[in-house]
Amino acid sequence: MAKTFRVRPLSRAQIRRLVLEILADIQPGALQKPQPSDVERLFDVYIPRNFRIQTGYVGYDEIPAEAVGVTKAIERKSYVARELLEAEKWHEQRFFRSTVAHESGHCCLRHPFQIEHFVSVLGRKESLLFRVEETRLRPFENPEWQAWAFAQEFLMPFPTLTILLQQEVNVYELADIYEVNPAFVRSRLRSLKKF
């Protein structure tokens, strides 16, 4: 059975408001015109400056087995696998963007401050996540759900996404515009009940 820690409940609307505030600060153009969000600036500059969490990129040998990203509360550190940062294939580069956004979500949603011993581990296989009895949690209390909701809101901001959906842009076009994988787009559209 999968397991995780319970965190302060946050709705998708609350997460969206936070993301819009962050984007207004670091990349206001992403709220006006569809474009890739600058996830590296969020992770490399905004989080260390605003949350005093050390972020960076480390080798697979420095993070838990099967992981591509990890956020450690006790150490106030968040890392993503360097191998993803250096990936040459487009789908791996896009997976890197979603991984960085996910780990950034843990930091910006203050999960490390809520749980003294919180460690989030995102698996190397896209669908593999390690948690602690998540069946006992409502989704909005689950730190992994919240971090993925943050990633979706950040990488595909609601204001510009709604414009594109009115234009009936397809999944693959959305993936190219926002530089994410089609599976990520489908998940985002499902969260909006548009797929």
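The values are calculated or read from the model by the stated rules, or taken from the named source; none is laboratory data. Keep in mind it's a predicted model, so treat the numbers as computed, not measured. Backbone-built Cβ (ideal geometry, glycine too); neighbour counts: all protein chains shown.
Data table
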quantity: Index of the failed condition, L31 passing every other in (1) touching an Asp or Glu at 6+ places or on another chain (Cβ under 9 Å); (2) under 27 Å from E173 (Cβ atoms); (3) at pLDDT 95 or above; calculated: (1)
quantity: Residue check for R138: among the charged types (D, E, K, R), over 27 Å from N50 (Cα atoms) and modelled with pLDDT of 95 or more; calculated: no
quantity: Among (1) exposed (fewer than 14 other Cβ atoms within 10 Å of the Cβ); (2) more than 18 Å from E153 (Cβ to Cβ); (3) of a type in the set (D, E), the one test that E83 misses; calculated: (1)
quantity: All positions within region 43-71 that are over 19 Å from E83 (Cα atoms), aliphatic (A, V, I, L, M) and surrounded by 18 or more Cβ atoms within 10 Å (Cβ to Cβ); calculated: I47, I53
quantity: Scope region 75-107; condition out of contact with any strand residue (DSSP E or B) (no Cβ under 8 Å at 6 or more places or on another chain) and aliphatic (A, V, I, L, M); matching residues; calculated: A87, A101
quantity: Test: residue in region 68-83 that is closer than 18 Å to S37 by Cα and either touching a residue at least 24 places away in the same chain (Cβ under 8 Å) or among the aromatic types (F, W, Y) (or both); calculated: yes
quantity: Among (1) modelled with pLDDT of 95 or more; (2) touching a strand residue (DSSP E or B) at 6+ places or on another chain (Cβ under 6 Å); (3) of a type in the set (F, W, Y) - the single one F130 does not satisfy; calculated: (1)
quantity: Residue list for region 153-170, restricted to those being touching a residue at least 24 places away in the same chain (Cβ under 8 Å) and more than 14 Å from the chain's Cα centre (by Cα); calculated: F158, P159, T160, L161, I163, L164, L165
